[in-house]
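Note sheet for the following structure.
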Amino acid sequence: MKRSTKASLLSFVLPGAGLWYCGWRKSAIVNFMLAAAIPIAGLTTDFFSEYFQWVLLAVAAGSAGIAHSMAGSRD
């Protein structure tokens, strides 16, 4: 499995894990913190409580995309 694919899958399951796998520790922490802050902020403001699962899916997909593109630059 290519490094970028593995990083993408890891970040889809846990945002930031793929960046951590690639060695970008600070970027991984920032990615995880932002990915955690978005749903928390939405729930506290009751802005998207009805669509919470879709927001989580979008955050996971975005994190996976970032990991895939950053890991692809090193492949």
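Some points to look at:
- Flag if residue 27 is surrounded by 13 or more Cβ atoms within 10 Å (Cβ to Cβ) and in contact (Cβ under 8 Å) with a residue 60 or more places away in the chain: no
- Residue 15, sole failed condition from (1) modelled with pLDDT of 90 or more; (2) surrounded by 13 or more Cβ atoms within 10 Å (Cβ to Cβ); (3) in a helix (DSSP H, G or I); (4) not aliphatic (A, V, I, L, M): (3)
- The residue that is nearest to the chain's Cα centre (by Cα), among those in segment 34-50 that are under 20 Å from residue 12 (Cβ atoms) and surrounded by fewer than 12 Cβ atoms within 10 Å (Cβ to Cβ), is 37.
- Every residue from segment 51-60 that is under 17 Å from residue 8 (Cα atoms) and either in contact with a helix residue (DSSP H, G or I) (Cβ under 7 Å, 6 or more places away or on another chain) or not in a helix (DSSP H, G or I) (or both): 56, 59, 60
The values are calculated or read from the model by the stated rules, or taken from the named source; none is laboratory data. Quick caveat: nothing in here was measured; it's all calculated off a predicted structure. Neighbour counts are summed over all protein chains in view; Cβ atoms, including those assigned to glycine, are modelled from backbone coordinates with ideal geometry.
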